[in-house]
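Undergrad: Have a look at this one before I ask anything.
Only the coordinates and a few stated rules stand behind these numbers; no lab work does. Since the structure is predicted, the reported quantities are computational estimates derived from the model, not experimental observations. FYI the Cβ positions are ideal-geometry reconstructions off the backbone, even for glycines, and counts take in every protein chain you see.
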Amino acid sequence: MSAPNARRRREIRAELAERDGARCWYCATPAGPDALTIDHLIPQSRLRTWLLAALVLACAPCNEAKADTLPQALLRPAPGRFGPGLVPAGAPAA
Ligand SMILES: [Zn+2]
């Protein structure tokens with residue numbers, strides 16, 4: 001899939017802002033969708049896709065810091081965050 005043109009990238013940013021909110025996926029800094037960048041969760045060098053499921057909005061500093069690395073450390077929950085069944089730690093038993 002070839003890279004989308006500027007018009008389509010603007011549409012993608014608006015769709016991601018609708019889905020996730022108009023903020024950076026990583027640091028949660030709010031910004032208008034046109035002030036955020038499109039980040040490939042899995043770097044394009046490893047997975048060449050523009051499917052929305054593979055994309056998030058990121059501020060420029062976060063996108064530059066992430067660069068070409070896999071976001072495994074960001075995606076992996078902090079130890080102790082969940083119990084078995086993805087129950088948040090500290091939640092009362094059902
Ligand atoms: Zn950020």
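Undergrad: Among the residues of the stretch 17-44 satisfying the criterion of being exposed (fewer than 13 other Cβ atoms within 10 Å of the Cβ) and hydrophobic (A, V, I, L, M, F, W, C), which is farthest from Asp68 (Cα to Cα)?
TA: Top of the filtered list is Ala28.
Undergrad: Next question. Could you list all residues from the stretch 17-34 that are in contact (Cβ under 8 Å) with a residue 24 or more places away in the chain and part of a helix (DSSP H, G or I)?
TA: Of all residues in the stretch 17-34, those in contact (Cβ under 8 Å) with a residue 24 or more places away in the chain come to 17, 19-20, 22-27, 29, 31, 33-34.
Within the stretch 17-34, Ala17, Arg19, Asp20, Pro33, Asp34 meet the criteria.
Undergrad: Say we look at the stretch 1-30 and pick out the residues that are more than 25 Å from Gln72 (Cα to Cα) and either touching a Pro at 6+ places or on another chain (Cβ under 9 Å) or not basic (Lys, Arg) (or both); which of these is farthest from the ligand (Cβ to nearest atom)?
TA: Per the stated criteria, the residue is Ser2.
Undergrad: Exactly one condition in (1) surrounded by fewer than 13 Cβ atoms within 10 Å (Cβ to Cβ); (2) in contact (Cβ under 8 Å) with a residue 12 or more places away in the chain; (3) not in a loop (DSSP other than H, G, I, E, B) is not met by Ala14; state its number.
TA: With respect to (1) surrounded by fewer than 13 Cβ atoms within 10 Å (Cβ to Cβ); (2) in contact (Cβ under 8 Å) with a residue 12 or more places away in the chain; (3) not in a loop (DSSP other than H, G, I, E, B), Ala14 is out only on (1).
Undergrad: Which of the residues belonging to the stretch 48-70 are part of a loop (DSSP other than H, G, I, E, B) and either touching a Pro at 6+ places or on another chain (Cβ under 9 Å) or more than 21 Å from Gly21 (Cα to Cα) (or both)?
TA: Our first condition is that a residue be part of a loop (DSSP other than H, G, I, E, B); within the stretch 48-70, this holds for 48-51, 59, 67-70.
Passing the criteria: Arg48, Thr49, Trp50, Ala67, Asp68, Thr69, Leu70.
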